[in-house]
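Enquirer: One structure, pasted below without further comment.
The values are calculated or read from the model by the stated rules, or taken from the named source; none is laboratory data. Just so we're clear, the structure is a prediction, and the values are computed from it rather than from any experiment. Note that each Cβ is placed from the backbone with ideal geometry, even for glycine, and that neighbours are counted across all protein chains shown.
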Amino acid sequence: MALSSVDVSQAANAGRVGPNAIIRVAEALRASRGEDVVETVFEAAGLKGYLDQLPTEMVDEQEVIALQAALRDQLGVAEARPIARDAGRRTGDYLLANRIPRPAQFILKRLPSKLASKTLLKAIRGNAWTFVGTGVFDADPSYPPKITIQDSLLCRGASADQPLCDFYVGTFERLFRELVNAKTVVTEVACHATGAPSCVFEVRW
């Protein structure tokens, strides 16, 4: 996920997403469960090579799908979800430190929450292809703001009795708490994995 201008075109990178979806999962998993479990999950996903050299460029969205599936398969959904959410939070930290210009952050923090939210959602929409891949992003800025992702990479092909897109929840919540309102809570209120037509994230403060 990125909110700054990108060096490559959307058309040239169809079906590819930013490497945070790989890197931050490795970090969160290592912090929570240790190196042995990181190796087990990445090997199950067919991505063990990344543990020798983490990606620095856009990655194939299929790798993200495989990693999320392996995380759930190896740990179980209940343990995988908080790790995915932590990975999302770490992605938010990375974006704040490296991708969102400081002047833009300064301005957003001083706007009324609803206006800051509308501005942030517009910026996210403009760069959504870097984290939804071939999925489809939409956002309704009216309060409470709702973010909709059709064909989410995080739950593509999965079936569950609970929402699975915790990586996005963690990222959105981190950004909104820092740039819009410190009391923001993001909840995935619908998920394709549970039978909903799209994954929907509700933002409240």
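Enquirer: Determine the pairs where a residue that is on the phi > 0 side of the Ramachandran plot, located within region 145-160, has a partner that is of a type outside the set (Phe, Trp, Tyr) and surrounded by fewer than 24 Cβ atoms within 10 Å (Cβ to Cβ) with Cβ atoms under 6 Å apart, the partner being 6 or more residues away or on another chain.
Expert: Here the result reads Asp151/Gly135, each pair linking region 145-160 to a residue that is of a type outside the set (Phe, Trp, Tyr) and surrounded by fewer than 24 Cβ atoms within 10 Å (Cβ to Cβ).
Enquirer: Now, a different point. What helices (runs of 4 or more DSSP H), lying completely within region 66-164, carry at least 3 residues that are surrounded by fewer than 18 Cβ atoms within 10 Å (Cβ to Cβ)?
Expert: 77-98, 102-110, 113-126
Enquirer: Do you know which residues across region 29-43 are closer than 29 Å to Trp129 by Cβ and touching a Leu at 6+ places or on another chain (Cβ under 9 Å)?
Expert: Correct list: Leu29, Val38, Val41, Phe42.
Enquirer: Right, next: Residue by residue through region 22-61, note down the ones that are of a type in the set (Gly, Ala, Ser) and surrounded by 14 or more Cβ atoms within 10 Å (Cβ to Cβ).
Expert: Of everything in region 22-61, those that are of a type in the set (Gly, Ala, Ser) and surrounded by 14 or more Cβ atoms within 10 Å (Cβ to Cβ) turn out to be Ala26, Ala28, Ser32, Ala44, Ala45.
Enquirer: On to the next question. Residue check, Ser152 against (1) within 14 Å of the chain's Cα centre (by Cα); (2) closer than 26 Å to Ile107 by Cα, all met but one. Which one?
Expert: Answer for Ser152: the failing condition is (2).
Enquirer: Another one. Would you check which residues across region 177-205 are touching a helix residue (DSSP H, G or I) at 6+ places or on another chain (Cβ under 7 Å) and either at pLDDT below 95 or surrounded by 20 or more Cβ atoms within 10 Å (Cβ to Cβ) (or both) and list them?
Expert: Leu179, Val180, Thr184, Val186, Glu188, Cys199, Phe201, Val203
Enquirer: Another question, if that's okay. Of the residues in region 54-65, how many are assigned to a helix (DSSP H, G or I) and touching a strand residue (DSSP E or B) at 6+ places or on another chain (Cβ under 7 Å)?
Expert: 2
Enquirer: Sticking with this structure for a sec: Determine whether Val136 is over 11 Å from the mean Cα position of the chain (by Cα) and more than 22 Å from Gly15 (Cα to Cα).
Expert: For Val136, the condition - over 11 Å from the mean Cα position of the chain (by Cα) and more than 22 Å from Gly15 (Cα to Cα) - is not met.
Enquirer: Being in a helix (DSSP H, G or I) and modelled with pLDDT under 95 is the filter here; which residues of region 8-50 pass it?
Expert: Selection gives Ala11, Ala12, Asn13.
Enquirer: From the set of residues in region 157-184 that are of a type in the set (Val, Ile, Thr) and within 15 Å of the chain's Cα centre (by Cα), which is farthest from Asn98 (Cα to Cα)?
Expert: Val169
Enquirer: Looking at (1) farther than 20 Å from Ile22 by Cβ; (2) modelled with pLDDT under 95, which is the only condition Asn127 fails?
Expert: Every condition holds for Asn127 apart from (1).
Enquirer: Residue check: is Thr171 touching a helix residue (DSSP H, G or I) at 6+ places or on another chain (Cβ under 9 Å), of a type in the set (Val, Ile, Thr) and modelled with pLDDT of 95 or more?
Expert: yes
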